[in-house]
Each structure stands twice: as C-alpha cells, then as structure tokens.
C-alpha cells in the first residue's frame with residue numbers, strides 16, 4: 001500500500017513554538033533555566049539528531065532560558081552538526097576530558113541563564129534519568145544548588161504531538177503495516193527464528209523505514225512464554241505461534257506495534273486468546289477520547305480480558321505513549337489516571353496469560369483526535385492469521 | 001570472504017569467571033555489594049540481552065554480592081528472560097509503578113547483601129551514568145548511604161575481553177569488512193546520500209550482521225566537514241568524497257570502523273590526507289603492545305598527522321575501547337595514560353583537518369596480543385579507493 005512521504009526535519013517555527021510552550025510552563029513554575037541532557041529532549045529543543053548518543057563517552061547538554069533560543073553546551077565533535085540546526089548559541093569543549101567533561105562550561109551557562117536567584121529545572125521523575133557521570137552531576141549540583149523537578153514540563157510538551165510529528169508516525173506505521181502484511185509470503189515452517197527475524201527486518205527496511213532499532217519476538221509450540229526475547233536458532237514448526245513486536249523509525253519517530261501468527265494450525269484456545277486481545281483493543285479504541293483517562297482506557301481493555309478468563313500478565317500496563325522513543329509517558333495502568341488530550345500518540349497493548357506459560361499480546365498505534373482514536377497502524381485481522 | 005561463525009552467548013563458566021574477578025576487585029576495595037543499572041553492565045554479569053532497554057520506562061538492577069551469583073532486581077516483564085540466564089535469584093516487581101519503581105525492592109536487596117556496615121559500590125565516573133530517575137536514586141541514596149565509586153572495577157573487567165568475546169568482535173569486523181569491500185559495486189554518482197546509506201545498511205545485514213545500530217557518514221564536494229551526520233537527500237556527484245562509519249553488531253558485540261572513498265576523482269590534497277591518516281594508523285598499530293599507554297599510541301599517531309600539516313580535529317581523541325558498546329574505555333588522548341593490556345579490544349582512529357572545513361578520519365579495530373596489535377577489521381587500502 002502506498003504511504004505518503006512527509007517532509008524530513010522540522011521548520012524553525014516548530015522549534016520556536018516548542019521553546020515558547022516550554023518557557024510559558026517554566027514561567028508558571030518559577031523556573032529560570034531548564035537543563036536537559038538526554039537524547040530525545042536535546043533533539044526536541046534543537047533538532048540535533050544523531051546515533052552518536054550510543055557512545056557513552058561524552059555528555060551533551062541543552063539549557064532553555066526564560067526567553068530566547070535554547071543554548072547547546074556540547075562536545076566539539078558535535079559542533080558542526082549543532083550549528084547546522086536553528087540553535088545560535090553553541091558552546092563546545094574538547095571531550096573526552098575526564099577531569100572536567102563539560103562541568104565548568106555547564107555551570108557557567110546555568111549561572112548566566114538563571115542569574116543569582118533563579119531556580120533551575122531538571123527532569124528527575126518517571127522515565128527520566130541524568131545522562132552524565134554521577135560524580136560530575138554531584139559537582140554541578142554542589143555548584144548551582146538543588147534542581148527543581150521539571151518532569152511535568154517535559155511530559156506536557158512531548159506527549160502532545162504536532163501535525164508534523166504525527167505525519168512521521170503515520171508514515172512509519174504505514175510502512176510497518178505493509179511489512180507485516182508481507183510476512184505470510186516471507187515466513188514458513190522450517191525457518192529458524194533468526195532467519196525469520198532477519199527476513200522481517202529486511203522487509204521493513206525495504207518498505208522504506210530508516211531503521212529497526214527495536215525488534216523482539218518469539219515462537220513456541222502452541223503458545224509463547226516471553227514476548228521480549230531475541231531470536232534463537234529454534235526451527236519453526238507446524239503448530240507454532242509467532243509474535244513480532246517492532247519499534248521502527250522514520251526521521252527519528254517510532255512505530256510500536258505487534259502481530260501474532262500461527263503456522264499451519266493452532267488450538268481453539270489460541271484463537272480465542274487472539275480474539276480476546278483483539279476485542280480488548282476494540283474496547284480501548286472506543287474508550288479513547290480527549291478528557292478520558294489512561295485508567296479508563298486500561299479498565300475498558302482489562303474488563304474484556306477478565307471476561308475472557310485472563311490469568312493476568314507480566315507487562316505491567318496495557319499501552320503507553322509513543323514518539324521519539326519506542327515508549328514514552330503516559331501508561332495505561334489501573335492507577336495512572338493521566339487525562340488524555342488531543343494529538344497524543346498512544347499504543348493500545350492488551351495482553352493476557354491464556355494458559356500457564358502462554359502469553360498473547362496485541363498492540364495498535366493511534367493518534368487522539370477531537371472525536372476519538374485515529375489508527376496509525378493498519379488494524380490487525382480479527383482472526384489470527386495462519387501461515 | 002568467509003568469516004567463521006562463533007557460538008552465540010557464553011558458558012555459565014564465563015559468567016562465573018567474570019563474577020569472581022569482580023568479587024576479587026570488590027574485596028580489594030572493601031566493597032560488600034556492587035550495584036549496576038545500565039545495559040552493558042547488567043548483560044555482562046547476567047547474560048540478559050534485549051533491546052527492551054530502549055524503553056526508558058523501567059529501571060533494571062543487578063547486585064553483585066561479595067560471594068555467590070549476582071542478584072537481578074528487575075521489572076516482572078523481564079522475569080522469564082532473566083530466569084533463562086545463569087542467574088538464580090531474580091526478584092521482580094510489576095512496573096511501571098511511579099511511586100515505588102523498584103526502590104523498596106532494591107534497598108532491601110542492597111541492605112541484605114551489604115549487611116549493616118558493608119560499603120556499596122556503584123560506577124560513578126567517566127562514561128557511566130545512573131539509569132533511573134534522579135528522584136528515585138536520591139531516595140535509594142538516602143536509605144543506604146553514600147555509594148563508593150566502582151568505576152575502576154567495571155573498567156578493569158570490561159576492558160579485558162575473553163576469547164569468546166574476541167571471537168564475536170572478529171566475526172562482526174569480518175562481516176563489515178566484506179560489506180565495505182562491496183561498496184564500489186553498490187554506490188555510484190547520482191545516488192542520494194540516503195540511498196547510499198540504505199544500500200550499505202542492507203549489505204551489512206546481508207553479510208550476516210544482527211543489526212547496524214550505528215551508521216553515520218557524509219559526502220561533500222572535494223571533502224567533508226562533519227563526520228557524525230545522518231544522511232540527507234543530497235545527490236552524490238563527481239569529485240565527492242564519502243565517509244561511512246559504522247558500529248554493527250553480532251551477538252551484542254560491536255565493530256566500529258570507517259572507510260573513505262572518492263567518486264570519479266579527487267584532489268591530490270585529499271589523497272595526501274587519506275595517506276596521512278592511513279600512515280598514522282600504521283604508527284598506531286606499531287605502538288600498541290601490552291605495557292604501552294594510550295597516550296603513547298596517541299602520540300605515535302599524532303606525530304604523523306602533525307608532520308602532514310594537520311590543522312587539528314574536533315574529535316577529542318584518536319580511538320577508544322570497543323565491546324558491548326560502540327565506544328568504551330579507554331581513550332587514546334594526550335593525557336589518558338591508560339596502560340594497555342593483553343586482550344583489550346581497541347580502535348585506532350586518527351583524524352585531521354587537512355583544509356578549513358575538510359576532515360579526514362580513518363579507523364581500524366584491533367585486539368591486543370602479547371606481541372602487539374592483531375587486526376580485527378581488514379586493513380584499508382593505503383591509497384583512497386576511487387569509485
């Protein structure tokens with residue numbers, strides 16, 4: 001199926017709008033400077049996009065002031081790339097330099113931006129971490145004083161997507177839907193799990209994805225006990241079930257959905273379990289609208305699973321936010337209670353144990369519109385497909 | 001070229017040996033419990049290997065006691081996978097649970113393992129970070145007291161590879177060497193950078209790599225200004241230079257080397273710059289031996305670059321360790337001074353600015369043997385290849 005190709009990158013206006021929304025939230029929280037140091041946050045404010053973050057060697061910082069553009073405080077190896085973004089103020093040091101790997105430069109910048117009395121924000125809550133050595137962070141904290149937890153500001157910004165961001169999600173979800181549709185032509189009994197993974201990864205790339213950073217799955221005779229595994233040399237046999245779950249990317253934005261298949265045949269109980277998670281997803285789709293809560297969406301899905309004899313599951317939630325990371329805030333859980341807003345991009349991911357050691361998890365991707373859920377992934381078949 | 005396929009995974013004996021080496025170092029440092037919470041460290045001690053770490057939602061912990069096997073303190077979604085490793089003691093909680101996302105379970109485990117007076121180690125130094133929300137980490141620190149910096153213990157363990165680890169490096173470096181050798185057949189003037197990246201990524205996977213997590217590169221007329229870029233829609237033209245630098249993986253172990261090409265023709269200065277970094281690499285290869293220092297290796301390479309009129313570079317080092325991450329300790333810098341030991345896996349990566357805005361970086365991968373450097377990557381041609 002043809003999937004329209006959106007523009008890559010973002011306009012300077014989009015970065016300016018993100019920054020302004022951030023600065024309004026900072027003003028409301030009496031925060032004079034916001035420090036971020038993780039890949040999605042730095043990219044969100046600057047547009048700096050590189051897999052270089054996989055190298056743990058160097059810290060990277062961005063400081064959002066009360067007014068004006070963000071300031072990048074980064075290793076010189078990233079200077080040329082950062083200067084090519086909309087950012088004007090790029091401060092670099094030659095890294096690695098273990099004795100002072102940006103600490104002095106960062107402290108100077110924070111003091112300059114926050115002034116003598118200004119409070120400095122930093123995301124310190126759920127799903128965040130400080131990506132720099134603890135020893136160095138303790139030095140920064142000793143110099144500039146305690147940080148204010150700015151998790152809510154970041155969550156408020158990143159969970160509501162722009163149309164440009166949504167277009168990237170639509171694109172990658174369309175490509176991965178195409179690749180899943182091809183699977184019955186690519187897989188067969190007698191292949192190993194490893195061959196099946198390679199065939200699927202290759203197909204997603206052939207469809208036009210930039211990368212397949214997240215690919216997990218498993219096969220098992222009549223059912224699957226573990227849905228986050230890497231492939232083994234196990235040979236797929238008649239009567240096996242297969243799950244593939246992939247987070248693939250286009251221009252730095254993720255899809256994250258799965259599909260389940262049977263080879264040759266499956267027990268009625270397996271078809272019933274598939275039908276249960278498919279119907280739970282229907283219930284989730286119906287429950288999603290601006291103003292509903294993640295807990296209501298969870299309950300809608302969980303009620304269907306309970307009515308179908310679920311033995312529970314180990315996943316801990318039934319879906320989550322989606323964006324520059326394969327999972328983001330919020331979570332559909334029994335007590336998350338996040339109010340769902342227009343233009344959130346979410347997954348619905350009901351799962352159940354339908355027999356001891358046999359799990360079935362289904363997942364779709366949606367964007368929240370004024371009138372409810374709009375699918376990003378192409379809806380799975382209501383009956384499990386047999387290959 | 002045929003590349004022998006090593007065994008996947010490791011024997012329980014290998015994990016036991018890693019743990020024993022760690023416990024000897026812990027005893028010497030008077031550390032009763034060691035806490036790690038990042039992917040490579042948890043994998044190093046347990047064998048737990050999943051891309052699930054890309055999800056920032058859940059923290060994962062491993063505690064190494066003074067004697068006996070490590071203990072996993074992890075979200076229940078990973079329980080089945082962790083129980084399939086050599087680890088016996090797997091403690092789980094249902095995550096996400098923002099109010100207490102493993103904090104209580106981790107504190108209990110640390111107290112139990114360290115006892116009333118035992119010191120608790122945690123990597124806090126260069127190239128490490130604490131992968132859990134700062135707010136939660138501060139709670140753990142308030143409960144168990146200050147941690148002792150255990151960076152040196154982890155560095156001492158991870159920088160010295162076993163033969164089983166080295167075999168994985170040999171394999172992926174061989175596959176990527178094959179893929180680089182194919183490039184003149186895959187690339188041509190008139191392709192876009194994006195098409196060239198996709199062709200190279202596809203070829204690496206076709207050769208048998210598990211994944212290509214790190215792929216950067218650039219093209220430019222007569223030279224390249226930035227070596228960590230993502231591809232653009234720029235069309236490759238006659239007289240362009242191209243650099244590709246990839247960290248590809250086999251069974252969780254990385255290659256990390258690059259190659260430079262010219263299309264149709266290049267200036268003499270560009271050929272000279274290529275020759276300078278190639279000869280600097282020769283000097284690095286000759287300088288590597290057990291007992292030499294990273295600073296001596298840096299100086300050997302840097303002297304060649306200076307003699308060839310280098311205007312410096314922005315990279316900050318000329319190579320680094322390689323392993324479960326695309327870059328690891330140590331770094332070849334002017335003052336790193338790490339003593340090189342047998343079975344370290346290293347990159348040699350001399351780079352120079354040969355004209356304003358024109359960079360040339362070359363990279364090879366080696367393992368340190370008793371008598372010096374053994375190449376893992378197939379040595380680049382001494383003259384820049386013209387496509």
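Computed from the coordinates by the stated procedures, all read-outs in this text should not be read as laboratory data. Every value quoted in this text rests on a predicted model; they were computed, and no experiment measured them. When we count neighbours, we look across all protein chains shown, and the Cβ atoms used for this are built from the backbone with ideal geometry, even at glycine.
For this structure, a couple of remarks:
- Once the Cα gyration tensor of the protein assembly as shown is diagonalised, semi-axes √(5λ) in Å: 38, 31, 29
- Kirkwood analysis of the Cα pair distances in the range A:105-219 returns a hydrodynamic radius of 18.5 Å.
- A label point on residue A:342, set 7 Å along the Cα-to-Cβ line, lies at 7.0 nm from each of its counterparts in the other copies, closest listed first.
- When shorter helices are ignored and each DSSP H run of at least 4 residues is given -39500 (n - 2.57), the per-residue value for the protein assembly as shown at 222 nm works out to -11000 deg cm²/dmol.
- Teacher prompt: residue A:312 distances to equivalent labels in other copies, 7 Å Cα→Cβ, nm: 6.1
- Debye-sum result for the range A:217-293 in log10 I(q)/I(0), which assumes one identical scatterer on each alpha carbon, at q = 0.18, 0.20, 0.24, 0.25 Å⁻¹: -0.87, -0.97, -1.13, -1.16
- Here the calculated FRET efficiency for residue A:17 and residue B:30, from their Cβ-Cβ distance with R0 = 45 Å, stands at 0.25, rounded to the nearest 0.05.
- Computed over the range A:260-358, Cα set: Rg, Dmax in Å: 14.1, 44
- With distances taken between every two different alpha-carbon atoms, the range B:12-158 has a Kirkwood hydrodynamic radius of 15.2 Å.
- Centre separation in Å (Cα based) which lies between the range B:42-121 and the range A:153-173: 33
- One way to sum up the overall shape of the range A:163-386 is the equivalent ellipsoid from its Cα gyration tensor, whose semi-axes run 27, 22, 13 Å, largest first.
- Across the identical copies, the 7 Å label point of residue B:112, projected outward along Cα→Cβ, sits 5.1 nm from its counterparts, in ascending order.
- The range B:259-304 and the range B:4-36 have their alpha-carbon centroids 35 Å apart.
- The equivalent ellipsoid of chain B has semi-axes of 41, 23, 19 Å, largest first, where each one is the square root of 5 times an eigenvalue of the Cα gyration tensor.
- Label sites at residue B:206 and residue B:306, each approximated as a point 7 angstrom past Cα along Cα to Cβ, lie 4.5 nm apart.
- Simple spin-label estimate for residue B:335 and residue A:235 in nanometres, 7 Å along Cα-Cβ: 6.1
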